[in-house]
Amino acid sequence: MTMTRTRWLAAAAAATLFLAGCSGGGGARQAADQPPAAAVSQADIDQAMRTPTELTFWTWVPDIGKEVALFEKKYPAIKVNVVNAGQGEPQYTKLRTALKAGSGAPDVVQIEFQYIPTFTIIDSLLDLRPYGAEALKDKFVDWTWGQVTGKNGEVWAIPQDTGPMGMLYRKDIFDKHGIEPPRTWDEFAAAARKLHAADPGVYLTNLASNQNGAWMGLLWQAGGKPFQMASAQDIDVSVNDEVSKKLGTYWGGLVKEGVIATDPDFTDQWYQALNKGKYATWLTAAWGPVFLASNAKETSGKWRAAPLPQWAAGENKSGNWGGSTSAVIKSTKNPIAAAKFAEFLNTDPESTKMMATEQFLFPPTKALLDDPSFAEQKPEFYGGQTVNQVFAGISDTVDKGFGWPPFLDQTVSDWDETVGKSLADKSDTPAALDQWQQRITTYAESQGFKVAQ
């Protein structure tokens with residue numbers, strides 16, 4: 001799960017090569033609106049899978065050669081060369097360079113959900129509809145399919161793993177202070193004040209000031225729709241609307257009160273704090289339980305899992321933080337084999353189960369989420385609680401309409417310098433949202449987008 005952490009850390013590092021990639025302007029963006037190619041026949045597929053072929057697959061998933069071997073066993077004519085070209089942003093940078101050069105790009109590549117628009121806007125991904133991808137829709141949780149499809153029905157990638165958000169909490173700390181797992185954000189705020197007043201060395205949670213991913217997941221849960229593409233040239237940017245301001249007022253208020261921490265996450269200080277009980281909860285994604293168990297071993301048996309608190313009592317909503325896909329690069333000379341490899345890797349029962357049990361990726365497929373051998377695991381770290389089952393239930397509550405901008409790097413960089421900075425400085429977070437909105441708007445317009453607000 002270090003991999004997932006690194007993805008978001010990497011996302012926080014703005015990359016400038018995207019500017020060069022987008023500088024082609026309207027021509028590249030218009031290409032994404034082209035009608036799909038004609039469907040290939042089953043005879044074409046059978047012939048392609050019998051033809052000696054080599055594919056290159058860029059991925060940072062460790063030991064994924066085991067899953068690849070399953071594919072090669074079924075299709076012995078196809079050889080897949082697995083390449084780790086970096087995790088997250090370093091891989092994207094190399095990919096952009098290869099795309100710009102016109103050579104060196106892989107056939108299949110791992111891409112996080114939030115980065116798909118960044119590559120479709122420069123017409124780099126193959127629409128997988130002609131290769132039968134639309135028929136895979138019902139295998140996946142609804143919201144994940146929404147993340148990989150375009151506004152005209154294009155299928156840009158196959159989901160691989162997800163990060164629906166929940167709350168990991170210290171049962172021993174809650175019990176000591178008579179705190180029940182909060183069901184609403186009002187209860188959460190009250191618990192934060194109560195806990196910190198009783199023990200100033202402990203905070204109910206840490207909202208990391210360097211973590212755009214957690215903020216976006218919480219905004220997703222609150223019902224935010226920060227980026228909506230009306231067309232390839234028109235984007236609605238709403239990061240300071242009523243929903244966003246509600247989020248900013250709530251979290252900025254708790255930060256100013258000093259009842260929650262804002263330490264940068266995935267640092268030595270943060271790891272030590274988790275092990276020493278400085279934070280009583282971690283608002284995290286479905287990949288968090290395994291990650292925490294590996295990095296806070298001193299606290300084994302003390303943690304439990306619950307859904308996120310809700311903005312209104314009785315609601316059952318969540319957001320997503322992280323997760324990735326397998327996409328086919330448009331320049332591949334073997335589109336059928338590449339498309340079928342992406343499909344096999346993420347839908348074959350043995351391959352998907354291996355990724356969930358050996359690489360600990362949280363699955364997007366309905367079959368595996370319902371599989372008792374996965375859902376009913378009872379790890380000792382969580383006191384024997386069926387944590388996978390908790391997050392499988394949460395996965396069904398993620399809204400499928402959340403979208404991402406085609407210039408994510410700049411958006412993340414601007415968040416760090418506005419909203420993230422306001423959390424670190426305990427300054428005005430709602431005002432920082434206005435600054436974030438203005439920065440994104442200015443940047444988007446400079447790249448030729450028409451921005452609605």
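Output the peptides 97-103, 204-210 sorted from most to least packed, where packing is the average of other Cβ atoms within 10 Å over each peptide's residues. The partial results should precede the final answer.
Values: 97-103: 13.3, 204-210: 23.1.
Most protected by this proxy first, the peptides run 204-210, 97-103.
Per the helix-only calculation at 222 nm, which mean residue ellipticity applies to the chain, given -39500 (n - 2.57) for every DSSP H run of n ≥ 4 and division by its residues, nearest 500 deg cm²/dmol?
After summing the helix terms and dividing by residue count, I get -12500 deg cm²/dmol.
Does the stretch 104-193 come out rounded, prolate or oblate, given a ≥ b ≥ c as the square roots of the eigenvalues of its C-alpha gyration tensor, rounded meaning a/c under 1.5 and, failing that, prolate meaning a/b above b/c? Mind dumping the intermediate values first?
Details: a/c = 3.37, a/b = 2.91, b/c = 1.16.
Because a/c hits 1.5 or more and a/b exceeds b/c, the stretch 104-193 counts as prolate.
Local charge sum around LYS171 (other residues, Cβ-Cβ under 9 Å, Lys/Arg +1, Asp/Glu -1)?
Working: positive: ARG170, LYS302, ARG304; negative: ASP172, ASP175.
Around LYS171, the charge tally is +1.
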| remark: the stretch 105-142 scanned against label point 7 Å out from ALA367 along Cα→C-beta; backbone N under 11 Å for 139-140
| query | If ligands, DNA and RNA are left out, what is the accessible area of ASP241 with a 1.4 Å probe, given in Å² to the nearest 10? | reply | 50
| Phi-based couplings in Hz for the stretch 270-284 (Karplus 6.51, -1.76, 1.60; Gly and Pro marked x) | 5, 4, 5, 5, 5, 6, 9, x, 6, 10, 8, 9, 10, 7, 9
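Given the C-alpha atoms of the stretch 62-123, compute the convex hull and give its volume per residue in Å³. Please list the in-between numbers first.
On the way: hull volume 6.6 nm³, N = 62.
Dividing the Cα hull volume of the stretch 62-123 by its residues yields 107 Å³.
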| task | Give the residue from SER244, THR51, ILE440 lying farthest towards the positive end of the charge dipole for the chain; charges sit on Cβ (+1 for Lys and Arg, -1 for Asp and Glu) and the dipole is referred to the Cα centre. | result | THR51
| note | Residues meeting the amide H criterion for GLU112 (H placed from the backbone, H to H distance under 5 Å, 5 or more places apart or on another chain) are THR325
| With Cα atoms, 0 to 90° folded angle of helix 212-222 axis to the chain main axis | 80
| request: Using R₀ = 56 Å, calculate the FRET efficiency as 1/(1 + (r/R₀)^6) where r is the Cβ-Cβ separation of LYS151 and ALA190; round to 0.05. | output: 0.85
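State the Kirkwood hydrodynamic radius of the stretch 32-149 in Å, one decimal place, computed from all pairs of distinct Cα atoms. Numbers along the way, then the final one.
On the way: mean 1/r = 0.0622 Å⁻¹.
About 16.1 Å, per the Kirkwood formula over Cα pairs.
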| remark: Highest mean packing first, using Cβ neighbours within 10 angstrom, the peptides 311-317, 284-290 sort as 284-290, 311-317
| query | Can you give the three extents of the C-alpha atoms in the stretch 396-453 along their principal axes, from longest to shortest, in whole Å? | reply | 38, 31, 20
| request: Assign unit charges at the C-beta atoms only (+1 for Lys and Arg, -1 for Asp and Glu), then state the dipole size of the stretch 336-450 relative to its Cα centre in Debye, rounded to the nearest 20. | output: 160
| Could you give the nm distance between label points at ALA197 and ALA69, where each point is 7 Å from its Cα heading toward the beta carbon? | 5.9
| Relative contact order computed over the chain (Cα-Cα under 8 Å; 6+ residues apart), in percent | 27
| note | Listed by chain and number, the aspartates and glutamates with an alpha carbon less than 12 angstrom from that of LYS450, same-chain partners under 8 positions apart left out, are ASP234, ASP236
| task | Classify the stretch 337-453 as rounded, prolate or oblate, taking a ≥ b ≥ c as the square roots of the eigenvalues of its Cα gyration tensor: rounded when a/c is under 1.5, otherwise prolate if a/b is larger than b/c and oblate if not. | result | oblate
| said: Give the lysines whose C-alpha is closer than 30 Å to that of LYS276, dropping any in the same chain fewer than 8 places away, or say none. | reply: LYS171, LYS176, LYS194, LYS256, LYS297, LYS302, LYS378, LYS421, LYS426
| request: For the stretch 211-287, just say rounded, prolate or oblate: build the C-alpha gyration tensor, square-root its eigenvalues into a ≥ b ≥ c, call rounded for a/c under 1.5, and beyond that prolate if a/b exceeds b/c, oblate if not. | output: prolate
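What are the trypsin sites (Lys or Arg not before Pro) within the stretch 410-444 that DSSP puts in a loop, where the Cβ has at most 15 other Cβ atoms within 10 Å? Don't jump to the answer; show the numbers that get you there.
Details: sites: LYS421, LYS426, ARG439; in loops: LYS426.
Qualifying residues, ordered by number: LYS426.
How many times 2.2 N^0.38 Å is the alpha carbon radius of gyration of the chain?
Details: Rg = 21.9 Å, N = 453, 2.2 N^0.38 = 22.5 Å.
Taking the Cα Rg and dividing by 2.2 N^0.38 Å, one obtains 0.97.
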| request: Putting +1 on Lys and Arg Cβ atoms and -1 on Asp and Glu Cβ atoms, find which of ALA37, SER351, GLN114 reaches farthest to the positive end of the dipole of the chain. | output: SER351
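Under the 0.36 nm per residue contour assumption, what length would be gained going from the current alpha-carbon distance of ASP46 and LYS276 to full extension?
Details: separation 230, 0.36 × 230 = 82.80 nm, distance 5.73 nm.
The span from ASP46 to LYS276 would gain 77.1 nm if fully extended.
How large is the charge dipole for the chain, taken about the Cα centre, if only the Cβ atoms of Lys, Arg (+1) and Asp, Glu (-1) carry charge, to the nearest 20 debye?
Result for the chain is approximately 380 debye, rounded to the nearest 20.
The values are calculated or read from the model by the stated rules, or taken from the named source; none is laboratory data. As the structure is a computational prediction, the values presented were derived from the model and not from experiment. Note that each Cβ is placed from the backbone with ideal geometry, even for glycine, and that neighbours are counted across all protein chains shown. Side chains included, ligands, DNA and RNA excluded: accessible areas come from the protein's heavy atoms. Shrake-Rupley method; radii C 1.70, N 1.55, O 1.52, S 1.80 Å.
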